[in-house]
1. Give me the residue from segment 64-81 that is without any contact (Cβ under 8 Å) to a residue 60 or more places away in the chain and over 29 Å from Leu162 (Cα atoms) and, out of that set, surrounded by the most Cβ atoms within 10 Å (Cβ to Cβ).
2. Look at Pro311 and say whether it is farther than 25 Å from Gly270 by Cβ and within 13 Å of the ligand (Cβ to nearest atom).
3. Being more than 15 Å from the ligand (Cβ to nearest atom), closer than 17 Å to Ile297 by Cα and in a loop (DSSP other than H, G, I, E, B) is the filter here; which residues of segment 3-42 pass it?
4. If the requirement is being farther than 19 Å from Pro339 by Cβ, surrounded by fewer than 17 Cβ atoms within 10 Å (Cβ to Cβ), out of contact with any helix residue (DSSP H, G or I) (no Cβ under 6 Å at 6 or more places or on another chain) and at pLDDT 95 or above, which of these qualifies: Gln366, Gln414, Gln357, Gln427?
5. Kindly indicate whether any position in segment 139-150 is more than 19 Å from Glu34 (Cα to Cα), in contact (Cβ under 8 Å) with a residue 24 or more places away in the chain, under 27 Å from the mean Cα position of the chain (by Cα) and part of a helix (DSSP H, G or I).
6. Among the residues that make up segment 50-60, is at least one of them near the ligand (Cβ under 8 Å from one of its atoms) and either touching a helix residue (DSSP H, G or I) at 6+ places or on another chain (Cβ under 8 Å) or among the aromatic types (Phe, Trp, Tyr) (or both)?
7. I'd like the residue in segment 158-201 that is in contact with a Cys (Cβ under 9 Å, 6 or more places away or on another chain) and in a helix (DSSP H, G or I) and, out of all such residues, is nearest to the ligand (Cβ to nearest atom).
8. Under 6 Å between Cβ atoms, at least 6 apart or on separate chains: pull out the pairs that start in segment 262-290 with a residue that is within 15 Å of the ligand (Cβ to nearest atom) and end on any residue that is of a type in the set (Phe, Trp, Tyr).
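The values are calculated or read from the model by the stated rules, or taken from the named source; none is laboratory data. Everything quoted here is computed from the prediction, not taken from an experiment. Cβ sites come from the backbone with ideal geometry, for glycine too, and all protein chains shown count toward neighbours.
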Amino acid sequence: MAYDFDLFVIGAGSGGVRAARFAAGFGAKVAVAESRYLGGTCVNVGCVPKKLLVYGAHFSDDFEQAAGFGWSLEDAQFDWGQLIANKNREIERLNGIYRNLLVNSGVTLLEGHAKCVGANEVEVDGQRYSAEHILIATGGWPQIPDIPGKELAISSNEAFFLKALPKRVLVVGGGYIAVEFAGIFQGLGAKTSLLYRGDLFLRGFDGGVRTHLKEELEKRGMDLQFNSDIARIDRQDDGSLKATLKDGRELIADCVFYATGRRPMLDNLGLENTGVDLDERGFIRVDDLYQTTAPSILAIGDVIGRVQLTPVALAEGMAVARRLFKPEQYRPVDYQNIPTAVFSQPPIGTVGLTEEQALEQGHKVQIFESRFRPMKLTLTDVQEKTLMKLVVDADTDRVLGCHMVGPDAGEIIQGLGIALKAGATKQQFDETIGVHPTAAEEFVTLRTPSR
Ligand SMILES: Cc1cc2nc3c(=O)[nH]c(=O)nc-3n(C[C@H](O)[C@H](O)[C@H](O)COP(=O)(O)OP(=O)(O)OC[C@H]3O[C@@H](n4cnc5c(N)ncnc54)[C@H](O)[C@@H]3O)c2cc1C
C-alpha cells in the first residue's frame, strides 16, 4: 500500500525534530505535526529559557563579589520585564531556526494538533494523512496536585511569562526543576522558600551532593522546608496567597510555584484508536527499539518516561531514524553514564553511579572527596564551598561516578562523561595532567581516599 509519508512525527520538540530531520536526510518522506511551538519544551519552556534566567539570577552574586576585586557599583537595579522580553525575542529566533531546519531538510511541517485515527493514519485539523510509521514524540506536561486552590498556583510553563517578579515565592517540589527555579527567584531578589515533602531534595543524586547543596543554599539564606507539603491555597483580601500546610502552618506568598512532576502529554492523541498500551506509570510502553504495542507506531522522549532530558530525546530520535531508514548506521542508545547538571546556585554536575548506587550494586567502593573555597571567592567574604567527589571501584580501580557542586560543574562534568564512557580508571585520572589554576584540576589530584 502506498502511504502519504514514510514517517509521520507527532511533536516538533527535541526528539521529534531530530528524528524527522535525520529520517528526511536518509531519503524518507517525512511529516511533522506541531500544535504549540517549534522546538518543544526545551526551547520554549524548558532548558533554554531556564538557563537564560539562571544567567540573569547569577548577576547578583557577581555584583556582590565584584567589590573584592576593587569594583564599586551603584545600587544595581533589576528589570524582570526586560529580561523576559529579551528571553522571548531569543526564543522566537530559535523557533525560526527550528522551522528552517525542518523545511530545509525536506520535512513537511503541519502546524496543528495531531490525532491518531488508526495504526497508520493521523488527522491534523480535519485532514487525514497515512504513514508507514508514526512516531509519537509529544513530550510531557507539568502536574499540580489536586488540592483546593490549585488554580492559584503556577508551573514552569507560566513562570517564564510572569508579568512581574513576585516578592515572595513558595517553590514546591524536590526535583531539579524546583531547585533551579528556587535559585532563579532567590537570585533575582525574591524571598524564596522551597518546600518538599521528603527528608531531602534531589532524590537519586549522590547523598553527599544533596547535603552539600542544602548547606550552601541555607548559607545563601534560602528557606528550605523539608517534610512539608501544602494542603490548600487561598487568595487573601490583599491579593497575596495563603498556603496552609498539612501540619497546619500557614505561609504567605505572592506566588506558589509547583514543580512536582510531569505527566506524559497524551491529550486528545487518539491512542484509543491504535492499540498503543501505557505502562503502570501512564507513559507509553515501548520496547528497546522504541516500538509500542502497535507495530507501526513508535514513541520516544519524555512521553516514554525513561530519562527525561533533551540529549536523551535527541539520541532516541536519531536511533529511530537510523534503524528505520539507515539500519547500517544504527546503534542503540547507551543509558549508562549520562552526564547531567542541575543549574542551581551553586550548580551540580554529575555522571555515573552515586556512592549509594555503587554500594547497592555490590561494588567495594573507595571515595575520594575534596571540599574547598573556590579561588575566585578568596578575595570576597563569600564562604561558599565547592564539593568534588569520585566513586571508585576498589577492585578494578574503575571510576564509577564523578560528582561536583560548584561553579561551572555542568561544564566540567561533560568531559568526565567521556572518561567514564571510555572506562577510565582512577590511575588514569591520576596520570592526567591538571589544568592550573582551575577547580577542575582537583578531579585529577584527589590522592587519598576519604573512605
Ligand atoms: C523547566 C524545565 C527545564 C528543563 N531543563 C532541562 C535541562 O536543563 N536539560 C535537559 O536536558 N532537559 C531539560 N528539561 C527536559 C527537556 O525539556 C525534555 O526532556 C525534552 O524537551 C523532551 O523532548 P521531547 O521531544 O520528548 O518532548 P518536547 O520537547 O516536550 O516536545 C513535544 C512537542 O510535542 C508537541 N505536541 C504534543 N502533543 C501534540 C499533538 N497531539 N499534536 C502536535 N503536537 C503535539 C508539543 O507542543 C511539543 O512541542 C527541562 C524541562 C523543563 C520543563
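1. For segment 64-81, the residue satisfying everything is Ala66.
2. yes
3. Tyr3, Asp4, Ala28, Lys29 - these are the residues of segment 3-42 that are more than 15 Å from the ligand (Cβ to nearest atom), closer than 17 Å to Ile297 by Cα and in a loop (DSSP other than H, G, I, E, B).
4. Exactly one residue qualifies, and that residue is Gln427.
5. yes
6. Within segment 50-60, one or more residues are near the ligand (Cβ under 8 Å from one of its atoms) and either touching a helix residue (DSSP H, G or I) at 6+ places or on another chain (Cβ under 8 Å) or among the aromatic types (Phe, Trp, Tyr) (or both).
7. Filtering segment 158-201 for residues that are in contact with a Cys (Cβ under 9 Å, 6 or more places away or on another chain) and in a helix (DSSP H, G or I), the one nearest to the ligand (Cβ to nearest atom) comes out as Ala159.
8. Pairs that qualify, where the first residue is within 15 Å of the ligand (Cβ to nearest atom) and the partner is of a type in the set (Phe, Trp, Tyr), are Arg263/Trp141; Pro264/Phe283; Met265/Trp141.
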